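The values are calculated or read from the model by the stated rules, or taken from the named source; none is laboratory data. Not measured: the values here are computed from a predicted model. Using ideal geometry, Cβ is built from the backbone for each residue, glycine included, and neighbour counts are taken over all protein chains shown. Side chains included, ligands, DNA and RNA excluded: accessible areas come from the protein's heavy atoms. Shrake-Rupley method; radii C 1.70, N 1.55, O 1.52, S 1.80 Å.
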Amino acid sequence: MATAWLGLAVWAESGYTAQLNRADTLPHRLSPGQIVIPSLAALCNAKDYSARLNLYDGEFVEHGGGITATTYVLQSQDAVAIDVTGADPNQLQTTILMLWQPRQPKAIANSTFGFLAESWVDDKEFGASGKRFGSLSAITADARNLHITADAVSIHITFRPHPDGSYRILIAAPSWSGINPDTSATVAIAKARRVSPQEHRTWWHNYWQQAALLRLASPDHTAEYLENLRALALYTAAAENRGSLPGEQAGVGDLFSSFRDAHQWGPSAFWHWNLRMQTDANLGAGVFAMNDAYFNLYRSNLENILAWTSQHMANLPGICVPETIRFNGRGYENEQWIPKPGLNCAMDSPPYYNARTITTGAEVALWVWQQFLYTDDKEFLARNYPLMRESARFLLAYSLRSSDGTVHTYPSNGHETLWDIHDPTTDISAMHALFPAVIQAATLLHTDTDLIAELQSTLPHLLPLPRIALSNPHTIVAKNTSDDGNIIAQSYDADAKLHNSQNIGLEPVWPYSLIGDDGEHHALAVRTYLARPNKDLYDWSYDPIQSARLGLADEFRDSAIAITKRYQTYPSGL
């Protein structure tokens, strides 16, 4: 469960345990704390215990031993409510709001609420912003005989339920930058108290009215299972993407973490490889507002990305958008397992996974264009068009003309798989897709006539997609030969060393949408898909969407099932 910035993981441990998570406690996405309710052991230990995440209402509902606990996140305030009924009105109840070492919060308790507050400066990582961030969580209860105490890292509250056996625990965890914790906690609790218990249901019901749901069926009920997973994904999208930045950053549900302050990937940066699939899914579901945070990540950092490109890409104009981009627009990968941060979009970097991945900006720009095509929202297009313009300017500046007039890129990465090679399929696809889109967008907006002319003059000189014969994968097929028996190569360097397991030859199908379920190169793309080197290999595999784009229904079914079986870890579907 989550709202604009606040997310919650809930599980039945020690009676009841939940972790608060925020997307703006940067750079490490530190948790505002965990809530433990030992007195709910009678609920979760009951023989008739059951629990359900109600997607429609946005509630986690537990039943057992005559007790019901309903947990939800308020939608207009960053706060969590836990409504309990059926408790023994004479039994003393206990709830703990806690942090852990080495956290060093300020812990304060008064007669009505207690809070934990800690602030820090983003000044240690490469690319640090120098800004102050913080976490603040405050707890109270609507009950009788409320008593609140504090120790070094926790707030303890005790109380008795109302005579009818009901009580409500309220935990506020607002955005906070380290100023006036007492006042901020007081205001947050007061605002949360005023919110109607029905408000979250209204928000979620309206969301589901807008979302394009699918009814799926198959004799073995596999389709129904995938339908449920899609509904869960739409719920997650709504929970994670209502702040000014995406709530997750590396394909991991950060707002639903139950692992205290541990993160699998460097939490200060966003990986576009993971963001792009979710952006497209939101378009297909018609929940366009769920992409606002994605576009804002890049639009709000445009000046920072321009500066990064100038500094690290030989003073070239436009934007080379780092594939892994820090929240403040800098292309550092601050990962614990590498001796020093990796650089993205950087000519001053040694060869590296994304050192010269130069197509991320084109992808961001094309998602701008796709959202405009879905919505016909010209104001949206005008607001985000600078991303399109600057991405095109960079690709024009980075590319070189050979003696025959054709356009080339070198050195360039094919995402993480190919390093510093000639003319990767990603670059060729990006230019073929982006340049016409920028021409159309600029024409609609009556701007950049010089850029339009330059793009128009460049388009006829772009390389065709490289091809190799299935019988001879080590040699690029001549440009003027038939597609018969060939597949799309990953670059014009047929024998380039591979550093990862991405199917670069299928990027023209998706995300670049140059080849679909019919047309001149459809058979070529189908052969490429069937001969792809990495089949259903990772949880981020694009096999299902690329097979769907090619109209391969059986392949879509098989890959969707195979990846789900391989990677679903939790009974919740995650």
Considering the alpha-carbon set of the range 79-139 alone, what are its Rg and its Dmax in angstrom?
17.0, 56
Could you state the number of Å between the C-alpha centres of the range 83-104 and the range 154-231?
18
For the range 527-553 and the range 114-129, compute the distance between their C-alpha centroids and round to whole Å.
42
Total formal charge among the other residues, if their Cβ is under 13 angstrom from that of residue 465, Lys/Arg +1 and Asp/Glu -1
-2
Would you kindly compute the Cα radius of gyration of the range 361-512 and its largest Cα-Cα separation (Dmax), both in Å?
16.3, 51
In degrees, nearest ten, helix 272-285 long axis to first principal axis of the chain (Cα):
80
Run lengths n ≥ 4 of DSSP H only: what is the helix-derived mean residue ellipticity at 222 nm for the chain, with -39500 (n - 2.57) per run over all residues, to the nearest 500?
-10000 deg cm²/dmol
Under a cut-off of 17 Å between alpha-carbon atoms, report the aspartates and glutamates in cross-link reach of residue 106, not counting same-chain residues fewer than 8 places apart.
118, 151, 182
Highest mean first, how do 334-342, 529-537, 230-238, 145-153 rank when packing is the count of other Cβ atoms within 10 Å averaged over residues?
230-238, 529-537, 145-153, 334-342
Please provide three numbers in whole Å: the alpha-carbon extents of the range 98-205 along the principal axes, with the largest listed first.
56, 39, 22
Given the peptides 31-44, 212-225, 553-566, arrange them by the average over their residues of other C-beta atoms within 10 Å, most packed first.
31-44, 553-566, 212-225
Using the alpha-carbon centroid of each, what span in Å lies between the range 13-46 and the range 396-462?
49
The answer for residue 414, listing residues at least 5 apart or on another chain whose modeled amide H is closer than 5 Å to its amide H, is 419, 420, 421
Search the structure for amide H atoms under 5 Å from the amide H of residue 498, placed 1.01 Å from N in the peptide plane, and list their residues when 5 or more places away or on another chain.
none
So, for the chain, what is the accessible surface per residue at a probe of 1.4 Å, expressed in square angstrom?
41
Given the peptides 320-327, 467-474, arrange them by the average over their residues of other C-beta atoms within 10 Å, most packed first.
320-327, 467-474
Given charges at beta-carbon only (K, R positive; D, E negative), |dipole| of the range 1-147 in Debye:
360
Treating only the Cβ atoms of Lys and Arg (+1) and Asp and Glu (-1) as charged, compute the dipole magnitude of the chain about its Cα centre; round to the nearest 20 debye.
1220
Degrees separating the helix 553-567 axis from the principal Cα axis of the chain, which is the longest one
50
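Pulled fully out, how much extra length does the chain show between residue 132 and residue 481, if you take 0.36 nm times their separation in residues and subtract their Cα-Cα distance? Present the calculation step by step, with values, prior to reporting the outcome.
Values: separation 349, 0.36 × 349 = 125.64 nm, distance 5.97 nm.
The span from residue 132 to residue 481 would gain 119.7 nm if fully extended.
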Spin-label model distance (nm) - residue 401 vs residue 193, 7 Å beyond Cα toward Cβ:
7.2
At 7 Å along Cα-to-Cβ for each site, give me the label-to-label distance between residue 50 and residue 453 in nm.
7.2
Give me the Debye-computed log₁₀ of I(q)/I(0) at q = 0.18 Å⁻¹ for the range 235-348, equal point scatterers on Cα only, no solvent, two decimals.
-0.93
Residue among 128, 158, 82 farthest towards the positive dipole end of the range 80-177, charges placed on Cβ
128
Can you pull the percent of the chain's accessible area that's carbon plus sulfur, 1.4 Å probe, other chains left in place?
53
Neighbourhood charge, 14 Å Cβ-Cβ cut-off, centred on residue 482 and excluding it, Lys, Arg +1 and Asp, Glu -1
0
Assuming R0 = 56 Å, what is the FRET efficiency of residue 110 and residue 228, from their Cβ-Cβ distance, to the nearest 0.05?
0.80
Of the listed values [x] 25.1; [y] 25.7; [z] 24.1, identify the label whose number matches Kirkwood radius over Cα pairs in Å calculated from this model.
[y]
